[in-house]
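To start, the structure under review is shown below, and the notes come after it.
The values are calculated or read from the model by the stated rules, or taken from the named source; none is laboratory data. These figures come from a predicted structure and were not determined experimentally. Quick reminder, even Gly has a Cβ in these numbers, built from the backbone with ideal geometry, and neighbours come from all protein chains shown.
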Amino acid sequence: MTGANGLSDEFPRAETVDDFVRNVASVRARIAAAAHRVGRDPAEVRLLPVSKTVPEDRLRLAVEAGLHLLGENRVQEATRKYHAMKDLDVEWSIIGNLQTNKARDVAAYAAEFQALDRLRVAEVLNRRLEAAGRTLPVFVQVNTSNEPQKYGIQPDELPEFLAALGQYPTLKVQGLMTLAIFSSDAQRVRECFIVLRTLRDRMRYEAPELIGPGELSMGMSGDFEIAVEEGSTVVRVGQAIFGARSTPDSHYWPGMA
C-alpha cells in the first residue's frame, strides 16, 4: 500500500531515536522467529542496516539508537557520509558494485566489501590495501538468479574465482553474497538462497581453505526471513529500519523495478 506521500506504508519512516529502536527490534524479532522455525540460533545472524539514500541527520539518530555498522551501495555516497560522520563511532560496509577508480576510497575506510565479482577489482583493491597497510574482509557476489543484467559471478565460476583470490593476500574471504530474484514468488526467491547455501557447502567440502568462515550474506527487507530460513548469516536490511525510499531499487540494483 502507498501512503499520501507516495511511499510504501509497509515501511514507516524512522524520524526519531525511538523510531529506530522500535524498527530494529521488530526486524530482530522477525529474524529470531525465522531462525527458530528452522532450529537455528538467531545469534548466528548479523543484521546489517543499509543506509543508502538516508541523509546524515537521520543516520546520526540511527547511530544514537545503537547502529554502528552501516551498509552503502554506492562508494561516492558512502565516502561522503564517512567524512561527514567521522566524529561518530560508525563503520561502513560497501555492498554494491565497485568500479576500480573508487578502490582507493574503499581501501582507505571500508570495514568490509560484500560485492566482489571481478579479479580486476580484486587486483586493484589489493594494491590499494597494501599501500594503506590494511586488510579487508570480502564476500564474493554470486548471480544465483541467472539474470544477465545482475552483477555477480556465475555459480560454476566460483571454485576458480576463489582459488584466484589467493594471489591477493590483503583480501580476506568471509563467504558469499547474493541478490535473490526480485519476485513476489517466494519459492523462486528461496531457490536463489538455496543455490548460494549449496555452493558454500560444496566449497567447505572441496576446498575449505578458500571460503573462510563461509558466511552467507543474503536477504533484504522484502525477503530476509526466507533467507534466514535458508541459512543466511548476514541480512542487509534498509527500508524495514529506515523507512520506504522514494528512490526505486532499480536505481541501485540492475534489472529491478
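For region 91-103, indicate whether the set of residues that are within 16 Å of the chain's Cα centre (by Cα) and farther than 20 Å from L171 by Cα is non-empty. No, region 91-103 has no match at all.
Quick check on region 138-145. Is at least one of its residues within 19 Å of the chain's Cα centre (by Cα), free of Cβ contacts under 8 Å to residues at least 24 places away in the same chain and more than 26 Å from R104 (Cα to Cα)? Checked against the condition, which is being within 19 Å of the chain's Cα centre (by Cα), free of Cβ contacts under 8 Å to residues at least 24 places away in the same chain and more than 26 Å from R104 (Cα to Cα), region 138-145 yields no hits at all. Of the residues in region 81-100, at least one is at pLDDT 95 or above, out of contact with any helix residue (DSSP H, G or I) (no Cβ under 6 Å at 6 or more places or on another chain), under 28 Å from R30 (Cα atoms) and of a type in the set (A, V, I, L, M). Within region 129-173, the set of residues being of a type in the set (G, A, S) and surrounded by fewer than 16 Cβ atoms within 10 Å (Cβ to Cβ) comprises A131, A132, G133, A163, A164, G166.
The listed residues are L98, L70, and the only one of them that is farther than 18 Å from V17 by Cβ, touching a Leu at 6+ places or on another chain (Cβ under 8 Å) and without any contact (Cβ under 8 Å) to a residue 40 or more places away in the chain turns out to be L98.
With the structure loaded, tell me whether L179 is in contact (Cβ under 8 Å) with a residue 40 or more places away in the chain, closer than 19 Å to N73 by Cβ and in contact with a Phe, Trp or Tyr (Cβ under 7 Å, 6 or more places away or on another chain) or whether it fails that test. Taking the combined requirement at face value, the residue satisfies it.
The set of residues in region 90-128 being buried (at least 19 other Cβ atoms within 10 Å of the Cβ) and among the β-branched types (V, I, T) consists of V90, I94, I95, V106, V121, V124.
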